[in-house]
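The structure appears below as C-alpha cells.
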Amino acid sequence: MNSNSLPAPLPPVIEETSAGRAYKLKEFILFLRVHKLAAIGLSIIVILLIIAVIGPLISPYPDDAYKAVHLENKLLPPSWAHLFGTDELGRDLLTRTIYGTRLSFQIGISVILLSILIGIPYGLISGYFGGWVDNVMMRVCEVFLSFPSMLLSISIVALLGPSLNNMMLSIALSWWPWFARLMRSEAVAIKERGFVEAAKSMGVHPLVIIFRHIWPNSLSVIIVQISMAFGSVILTAASLSFLGLGAQPPTPEWGLIISTGRAYFLTNWWYVTFPGVFILLTVMAFNFLGDGLRDYLDPKTRNS
Amino acid sequence: MTEVLVEIDNLSKYFTVRSGWFGASKTLHAVDNVSLSLHKGECFGLVGESGCGKSTLSRTLLQLYAPTSGTVRIAGSDISSVTRRVRRRNTRNVQMVFQDSYWSMNPKLRVGDVVGEPLRTHTKLSAAERNRKVAILLEQVGLPADFARRFPSQLSGGQRQRIGIARAIALQPELLILDEPTSALDMSVQAQILNLLKDLQEEQQLTYLFVSHDLSVVRHMCTRMAVMYLGQIVETGTTEQIFAHPLHPYTRMLMQAVPDIEGNAELTFYDGEMPKAIDPPVGCRFASRCPHVTEKCTQENQSLRELDGDRSVRCHLAM
Ligand SMILES: Nc1ncnc2c1ncn2[C@@H]1O[C@H](COP(=O)(O)OP(=O)(O)O)[C@@H](O)[C@H]1O
Ligand SMILES: [Mg+2]
C-alpha cells in the first residue's frame, strides 16, 4: 500500500448523533414514568445534591455550621427565624442539617471513589487472569468480607483513632471487597465473549483487554452497585459518628447531631428529628434509584 | 506456487471434561493427531459437522489454546515458540474472521476502533495515520469510510462481517483463518461475502484456512481440502478430486447432504448418532454410523493412508 494514495483523514470522531442521544433520554424518561419509585428516588437525590452544592448560599446562619455559640437562643422550637429550631448552644439546626447534607455527600463520594479505585482494578485483574492469581486475590477479599462490615469499620477506627478521615478510610476498607467481587464476576463472564477472544488472538496486551474491552462492558452493573452503596455508606458514616468514632464536634454531621440531640429527645423533639429525616430520605432515595437502575440497565430484564 | 506456508504436524488438543459434579474426569479428543500442510496463496477447506473440532483447531493455530501435543510451523517458525518475540510475531501473522461477527466485536467500541485495534497493537502509527489506514481497509471491504464512526450494533450482519474481514486483513497476515465466516448470513449476503473474500485473496495473495460445515461453499472457494470427523482428519485431497470421487464413507455421507442450487439443504438425515470424542474407543470413529462397517473397523485403529496424487484417506475399505 503506498502512502501517496491515502485518502483524506477521517473527520474527527464526534459523539453519536444528537438524535440518538435524544432517543436514549426519551427512553429513560419513559422508564422513570413507569418506575415511580426510581423517579422519586432520583428527584430526592437531585434536590439533596443541589442543597449540598449551594449549601453555604442558602443557609440562614452560615456561622452556626461550626463553632458559633448563642446561648440566648438555645433549644428554640421551629419558628420562622429557625425553621428546624436550634440546639443546646443556640445554633440554627437548619443550617447544620444543610451543612450535614454537604458533608454526607462528600463522605459518600470520597468513600465510594476510594472503594472503586481499589475494588474495580482488583476484581478485573482477579477475574481476567483466573487461576492461582484469582485464588489468592479472592481469599484476601474474603478475609475482609468475613467480618460484618460495621464491626470491621469500628475496629479499624478504634485502631487508627476516631476522626472523619479515619472513618472514611475504614468504611472504604469494608466496601472495596464488594466492588472487587462484583467486578470479578463481570470479568469472568465478559472474558468468555468473542471480542475478548479476538483481542487475545491479535496479541493485545492483557491490561489493554481489561481496561478497553472488559471494563466498559461492565459499567452498567457498577453504576447500580454505586447507587446502592451510596445510601449505605452515608448511613454507616452517620452511625459511626453517632458512636463518636467519626466526625468530631463541632462538625455538623447528621449522626453526630443526633448523638448530641438524643439527650434532649423527650423535651426537644425537633433536635434529632430533622437530621434523622434527612438520613432516612437519603438512604431511601439511593435504594429506590438503585433498584430502578438495576431493572433499567440489567440485560437480563431488558434486552438492549 | 506449492511453497508450504503452514505445517501442522501431529497436532492434538484434548480437553478434560467432567460429567456432573462428582463424575470421573474424561478426556475429550477435540483435535486428535492432525497433520496438514497449507500452501502459500491457496484457500484450504476444512469441513466437518459441527462439534468435530474445527474451531478448536483454529483456536490452537491462533494460540488461544496451547496444543496438548504436536507442532505448528508458520513460514518455518514454531508458533508455540518459547520466545515472546516470536510468539508475538505469530499473533500478527495469523488472523481470524470469526463466525459470529456480533459476538466478536466489542459493542462499546466504534467500527474505526475495532478495525484499528490490530494496528494499535502491532504498529506505531499515529491516531491520524491509523484513521487513514482504517478508511482504506473499509474501502477494500466495500464499505464507506464514515462507517468508522458507527457502532457494530448499527450495522447489518453482512456489513459487520465485512468489518470483521477488514480487521483481520489490517496487518496483512500470512494466514487468514475463516471460521464459518458466512454461516450466520442470508444466502444473498453470503455470496457477496464469499466474492469479497475471493477478490481479496487474489489481490493480496492471502492464504486462507476456510472452515465450514457447508460443502458447497468449500467447493466454490477452495482448491484443496480436508474432511474432519470427531477430531481426526478422515480424507484430504484437491477439492476437484474429492468432489469427483469421495473415498471415505463419511465424505460421501456429507456429499449427499449438499444443498441444491436453491440452497435447500437437507442436513438431518444422517443415520446413527453423532458421538462425542470422549475417551474414544479403539477402531474407526465413524464405525457407529458407517453403512459399510466390518469387523476390522471396530478392532483396529485406522491410519491416514497416503494415496496417489496427493490424496489420503482414513479407511481400509477405500481404494
Ligand atoms: N473449551 C472447551 N472445553 C471443553 N470442551 C470443548 C471446549 N471447546 C470445545 N470443546 C468440545 O470440543 C469439541 C469440538 O468443538 P469445536 O472445535 O467447537 O467444533 P466445531 O467448531 O467443529 O463445531 C466439541 O465436542 C466441544 O464440545
Ligand atoms: Mg465451530
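Tabulated data for the structure shown
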quantity: Percent antiparallel among DSSP beta bridges (both partners in segment B:4-222, rounded to 5); calculated: 55
quantity: Cα extents of segment B:1-127 along the three principal axes, largest first (Å); calculated: 53, 41, 31
quantity: Acute angle (nearest 10 degrees) that the helix B:84-93 long axis makes with the longest principal axis of chain B, alpha-carbon atoms; calculated: 90
quantity: Dimensionless Rg over Rh [the protein assembly as shown; C-alpha; Kirkwood]; calculated: 1.13
quantity: Considering only the protein assembly as shown, percent of DSSP beta bridges that pair antiparallel, nearest 5; calculated: 65
quantity: C-alpha long axis of helix B:157-169 to longest principal axis of chain B, angle in °; calculated: 90
quantity: Linear extension gain, A:Ala22 paired with A:Asn135, 0.36 nm per residue minus alpha-carbon span; calculated: 36.2 nm
quantity: Calculated on alpha-carbon atoms, Rg and Dmax of segment B:181-264 in Å; calculated: 13.3, 37
quantity: Gain on full stretching of the segment that runs from B:Asn33 to B:Leu317 - 0.36 nm per residue minus C-alpha separation; calculated: 100.1 nm
quantity: Kirkwood hydrodynamic radius of segment B:42-104, Cα pairs, Å; calculated: 13.1
quantity: Within-11-Å neighbourhood charge of B:Gly164 [Cβ basis; K, R +1; D, E -1]; calculated: +1
quantity: Three-way shape label, segment B:86-161, alpha-carbon gyration tensor, a/c 1.5; calculated: oblate
quantity: Spherically averaged projected area in nm², based on the convex hull that wraps the Cα atoms of segment A:76-220; calculated: 12.1
quantity: Percent of beta bridges antiparallel (DSSP, segment B:173-255, rounded to nearest 5); calculated: 55
quantity: Angstrom value of the Kirkwood radius, inverse mean 1/r, which spans all Cα pairs in segment A:134-200; calculated: 13.7
quantity: Distance between segment A:238-252 and segment B:215-239 - C-alpha centres, whole angstrom; calculated: 75
quantity: Set of segment A:41-84 residues, backbone N closer than 20 Å to the point 7 Å along the Cα-Cβ line of A:Leu266; calculated: A:75-77
quantity: Theoretical gain in end-to-end length, B:Val86 to B:Val17 [0.36 nm per residue, Cα-Cα removed]; calculated: 21.7 nm
quantity: Segment A:144-170 versus segment A:79-99: alpha-carbon centroid distance in Å; calculated: 31
quantity: Of A:Leu240, A:Leu30, A:Leu89, the one that fluctuates the most in a GNM where chain A has Cα springs shorter than 10 Å; calculated: A:Leu30
quantity: Amide H contacts of B:Gln232 (H built 1.01 Å from N, under 5 Å, at least 5 apart or other chain); calculated: B:Asp32
quantity: Surface accessible to a 1.4 Å probe, per residue, for the residues of the protein assembly as shown, Å²; calculated: 48
quantity: In order through segment B:209-226: 3J(HN,Hα) via Karplus (6.51 cos²θ - 1.76 cosθ + 1.60), integer Hz, x for Gly, Pro; calculated: 9, 9, 9, 7, 9, 10, 4, 5, 5, 4, 4, 5, 9, 10, 9, 10, 7, 9
quantity: Interface residues in segment B:41-79 - accessible area drops by 10 Å² or more relative to the isolated chain, probe 1.4 Å; calculated: B:Arg59, B:Leu62, B:Leu64
quantity: With eigenvalues of the C-alpha gyration tensor scaled by 5 and rooted, chain A, Å; calculated: 44, 25, 17
quantity: At 1.002 mPa s and 20 °C, Stokes D of segment B:72-113 from Kirkwood alpha-carbon radius, µm² per second; calculated: 172
quantity: Overall form of segment A:198-251 per C-alpha gyration tensor (a/c, 1.5; a/b vs b/c); calculated: prolate
quantity: Of the DSSP H helices in chain A, those whose Cα atoms cover at least 27 Å axially and whose Kyte score averages -0.5 or more; calculated: A:36-58, A:93-129, A:164-190, A:219-242, A:270-297
quantity: Two-decimal log10 I(q)/I(0) for segment B:4-222, as the Debye equation yields it once each C-alpha is a single scatterer, q = 0.12 Å⁻¹; calculated: -0.66
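The values are calculated or read from the model by the stated rules, or taken from the named source; none is laboratory data. Note that the structure is predicted; figures quoted are calculated from it, not measured. Cβ sites come from the backbone with ideal geometry, for glycine too, and all protein chains shown count toward neighbours. Surface areas here come from the heavy atoms of the whole protein model, side chains and all, with no ligands, DNA or RNA. Shrake-Rupley method; radii C 1.70, N 1.55, O 1.52, S 1.80 Å.
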